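*Asks:* Provided herewith is a single structure, encoded as structure tokens, for subsequent inquiry.
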Amino acid sequence: AEQKPGATAWHVPHFVQAVRAVCPTLNWRAALLALDAPSFRVRDVEGVQLLLSAYSLVASDAFPVEAFLGRWQNTAAQLALLKICISGPPHIQELFQTSARRTPRDPSLRDSVLWGSVDLIEALVALSDAESMADVLPLLEAPKAAFPELLALGLVHCKESWGPLHRTVLGSLLARFISSRNPQDTALLERLWGVNSSLVVQGMVDMYRAPGGGGAIPRLFDIALELGVLLQVLGSKQDRALVLDLAVYAGQKKALPFANWASKAVADGGESFAAAAVAILQERLAEGDAAGNTIPVEYGKALLQSLEGGNLQPATQAKV
């Protein structure tokens, strides 16, 4: 039922006694896991305290905070509940210390009972899709400032990549870490890469696509070298223009033989890579693209030679 009165309006032991009288075999943990009901809503911290107090009278184990997390049908009620917990007193925030999935402790990072919980972060990201990004984003502003590393780790540990909020928050954090020259941020990027490399590459793509992003290539090259992942980034498919610009820059820095890379890229990428490369060459070799990016003539020729020597469909060969 909809929860209206606060805990102060309830005599919790009498409430528990009455429930036991009506349903002596009630599984209280299972009951809490069934909070996701159309009429359920907690309005204030006293309502959360009522649930905690009742459970403490009937069970000896820790309060099952997973009851507040996961995927709910009544998303408005879940979001209201989590807002109360996040802004609540320490003993309520500490509930999330027992969530099933937490970022592994790292003595170099400032810890948080709230934002070390991957389950909490994942629930909020899912709620931003179900409710609205505007309702959830303000909840992440404080941890973004105070616990950016934990928040980033939580976001990359999400079971799947979600919608706009996930990309917006993680993208801004990755841009901060990539732009930084702090060795601790580089170490964090290495850790993020180990968890979900495609999300780190997407962060690079977002930096590259931002206004003036072509100027990010030197820093993206440096960080790819520092992480030892240059070839993996060059093998990604998220943005062929980024890959080509990064390969040209790497060639200019003698970090790889561009012609050899181009031949392998055509062989491995097939029609998809070839079509993208032809489109980029058509745009760049003439006057540059809309952002003014060009390809040095010698690199354009090397790429064309690789395309001409590739095992491509006749229609693609004709474009080459």
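*Asks:* Given +1 on the Cβ of Lys and Arg, -1 on the Cβ of Asp and Glu, and no further charges, what dipole in debye does segment 2-104 carry about its Cα centre, rounded to the nearest 20?
*Replies:* Computed charge dipole of segment 2-104: roughly 160 debye.
*Asks:* Report, in whole Å, the centroid distance computed from the Cα atoms of segment 173-226 and segment 14-32.
*Replies:* 52
*Asks:* Could I ask something else about it? Using r as the Cβ-Cβ distance of residue 61 and residue 226, and R0 as 56 Å, what FRET efficiency do you calculate, to the nearest 0.05?
*Replies:* Efficiency computed from Cβ-Cβ geometry: 0.75.
*Asks:* How high is the relative contact order of segment 27-169? Use alpha-carbon pairs under 8 Å, at least six apart in sequence, and give a whole percent.
*Replies:* Relative contact order, segment 27-169: 21 percent.
*Asks:* Putting +1 on Lys and Arg Cβ atoms and -1 on Asp and Glu Cβ atoms, find which of 81, 123, 14 reaches farthest to the positive end of the dipole of segment 6-146.
*Replies:* Farthest towards the positive pole: 14.
*Asks:* Which order do 133, 207 take by accessible area at a 1.4 Å probe, largest first?
*Replies:* Ranked from most to least accessible, the order is 133, 207.
*Asks:* Further question: Using a cut-off of under 19 Å, list every residue of segment 166-195 whose amide N is near the label point 7 Å from the Cα of residue 255 along the Cα-to-beta-carbon line.
*Replies:* Within reach of a label on residue 255: 174-194.
*Asks:* Next question. Describe numerically, in nm with one decimal, the distance between label points set 7 Å from Cα along Cα→Cβ at residue 94 and at residue 264.
*Replies:* For residue 94 paired with residue 264, the spin-label model returns 5.4 nm.
*Asks:* Which aspartates and glutamates have a Cα less than 14 Å from the Cα of residue 264, not counting those fewer than 8 places away in the same chain?
*Replies:* 308
*Asks:* With a 10 Å radius around each residue's Cβ, average the other Cβ atoms per peptide and rank 236-249, 302-315, 100-113, highest first.
*Replies:* Ranked from most to least packed, the peptides come out as 236-249, 302-315, 100-113.
*Asks:* Residue separation times 0.36 nm, minus the C-alpha to C-alpha distance between residue 219 and residue 74: what's the value?
*Replies:* Separation in residues times 0.36 nm, less the Cα-Cα distance, equals 47.7 nm.
*Asks:* Normalising by the residue count of the chain, find the relative contact order in percent from Cα pairs under 8 Å and 6+ residues apart.
*Replies:* Relative contact order, the chain: 9 percent.
*Asks:* Further, regarding this structure: Nothing charged except the Cβ atoms of Lys and Arg (+1) and of Asp and Glu (-1): what's the magnitude of the dipole of segment 53-112 about its Cα centre? Round to the nearest 20 debye.
*Replies:* Rounded to the nearest 20 debye, it is 200 debye.
*Asks:* For the chain, what is the charge dipole size about the Cα centre, in debye to the nearest 20, if Lys and Arg each add +1 at the Cβ and Asp and Glu each add -1 at the Cβ?
*Replies:* 200
*Asks:* Which Cα, out of 197, 265, 312, lies furthest along the positive dipole direction of segment 190-317 (beta carbon charges, K/R +1, D/E -1)?
*Replies:* 197
*Asks:* Which length gain, in nm to one decimal place, applies between residue 18 and residue 237 when the Cα-Cα distance is subtracted from 0.36 nm times their residue separation?
*Replies:* Length gained, residue 18 through residue 237: 72.7 nm.
*Asks:* Beta carbons within 10 angstrom, averaged per residue: use that to sort the peptides 265-273, 120-128, 170-178, highest first.
*Replies:* Those peptides, ordered most packed to least, come out 120-128, 170-178, 265-273.
*Asks:* Which aspartates and glutamates have a Cα less than 19 Å from the Cα of residue 83, not counting those fewer than 8 places away in the same chain?
*Replies:* Straight-line reach from residue 83, under 19 Å: 2, 36, 44, 46, 66, 94, 119, 122, 129, 131, 135, 141.
The values are calculated or read from the model by the stated rules, or taken from the named source; none is laboratory data. Since the structure is predicted, the reported quantities are computational estimates derived from the model, not experimental observations. As a convention, Cβ positions derive from the backbone with ideal geometry for all residues, glycine included, and neighbour counts pool all protein chains shown. Just the protein is used for accessible areas: all its heavy atoms, side chains included, with ligands, DNA and RNA removed. Shrake-Rupley method; radii C 1.70, N 1.55, O 1.52, S 1.80 Å.
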